[in-house]
Every structure is written in C-alpha cells, then in structure tokens.
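Data block below; observations after.
The values are calculated or read from the model by the stated rules, or taken from the named source; none is laboratory data. None of the values given here were measured: they were computed from a predicted structure. Heads up, the Cβs are rebuilt from the backbone with ideal geometry, glycines too, and the neighbour counts pull from every protein chain shown.
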Amino acid sequence: MIEVVRGDITKIAVDAIVNAANSSLMGGGGVDGAIHRAGGNAILEECKKIAAKQGGCETGKAVITTGGNLPAQFVIHTVGPIWYGGNNHERERLADCYKNALKLAVENNCKSVAFPSISTGVYRFPKEEAAQIAVRTVSEFLSKHIEIEKVLFVCFDDENEVLISKELHKM
Ligand code: ADP
C-alpha cells in the first residue's frame, strides 16, 4: 500500500523514516536538520560512527541508525543527487536512493516506511520528475517485496503533495 500525506516526517510513527541526508552524514538543513533536532543526539552519534568507518555515504546509497527520540524506530539516511541539469545520472541516483532505502528497510524487518521528497529541496531536482521517479521506483520495489506493507510519501509542501498524488492516480 502506498499513501501520500501532508506533514512533518519527524512526527510519523512508522518502522523507519527516510532522511534526505548529505554525504558527510553530519546533519544539515531541511528535513535532515528537522530529523536530527527531533530525534536527538543518538542519531548523530551513530552517523559519526558510520562516517568514521566508511567515510560518509555516497550519492544513491543508504545507511541506517536508531530513530532516537522519534516515533519511528529507525532512520534510514540516503544521499540524494544534486541536480546539475540531468546529464549526470541524477535520475538513476534518485531511483537508487528509494531502492537502497527500501532494501535496508527489508533487511531490518521494517514493514512501514516513510519517505520525504528526496532531492527536491536545496538539491534542486525538478519536482515533477522526482515525483515520477519516487512513485515508479517504490511501486516496482513493492511488487517484488511483500515484506513492506506500507510506504508513506510525506510531503512538506502543496506542490509535492499534488505531484505525488497525480503519479499515484496513474498507477
Ligand atoms: P535535499 O537536499 O535532498 O533537496 P531538503 O531537506 O532540502 O533535501 O528537501 C527535501 C524535501 O524535504 C523538500 O521537499 C522539503 O520541502 C522537504 N522537507 C523539509 N522539512 C521536512 C520535514 N520536516 N518533513 C518532511 N519533509 C520535509
């Protein structure tokens, strides 16, 4: 089941919420800042350990930490592509984010996962195309992995909510 909701992802009680992190894993603005503020220091401590071990996280890849004080049990941090015009594998990397985040969710026995609109903030990915990639990639994954029962697209703004809803109606 895939649903779209309008709101703040830090308030969502699911097994895992996904963070649109940056490659340092050291926190940042936007949804990343909101998650670290609401979830507390335990999340950053685990991110630091992961960064020390593997030098951060590459674009399109994902890592998992505790949810700290959040209602979600886990945070899956994935690094979205920065939009440089579309000829630098931005679309593939964005699809990788959704796939790799869901893979980690399955490996950690998560049945419900919430995503923000990855890369559509300061990373400037065009929102309409980002919505198409998000919905297509998640639907494809769910058709092969019955372990995940629910995916929520948590939209912070009107525009993303309308675009994601439009894509879901096409399915
Ligand atoms: P990126 O660097 O991947 O573009 P941003 O955090 O700048 O990440 O933006 C990604 C999306 O997350 C944007 O659509 C932004 O509106 C949204 N966003 C920001 N704060 C929250 C929040 N608390 N919950 C859900 N979505 C959020």
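Taken residue by residue, the range 102-115 has no member that is free of Cβ contacts under 8 Å to residues at least 60 places away in the same chain and within 15 Å of the ligand (Cβ to nearest atom).
Listed by position, the strands (runs of 3 or more DSSP E) enclosed by the range 71-171 that each have at least 1 residues that are touching a Gly at 6+ places or on another chain (Cβ under 9 Å) and modelled with pLDDT of 95 or more are 74-79, 150-155. Return the total of residues in the range 26-53 being touching a strand residue (DSSP E or B) at 6+ places or on another chain (Cβ under 8 Å), assigned to a helix (DSSP H, G or I) and either within 16 Å of the ligand (Cβ to nearest atom) or farther than 14 Å from Gly68 by Cα (or both). Of the residues in the range 26-53, 8 are touching a strand residue (DSSP E or B) at 6+ places or on another chain (Cβ under 8 Å), assigned to a helix (DSSP H, G or I) and either within 16 Å of the ligand (Cβ to nearest atom) or farther than 14 Å from Gly68 by Cα (or both).
Applying the condition of being in contact (Cβ under 8 Å) with a residue 40 or more places away in the chain and out of contact with any Cys (no Cβ under 8 Å at 6 or more places or on another chain) to the range 117-128 and asking which residue is farthest from Ala34 (Cα to Cα) yields Pro126.
Hey, can you tell me all the residues within the range 1-15 that are assigned to a loop (DSSP other than H, G, I, E, B) and β-branched (Val, Ile, Thr)? Correct list: Ile12, Val14.
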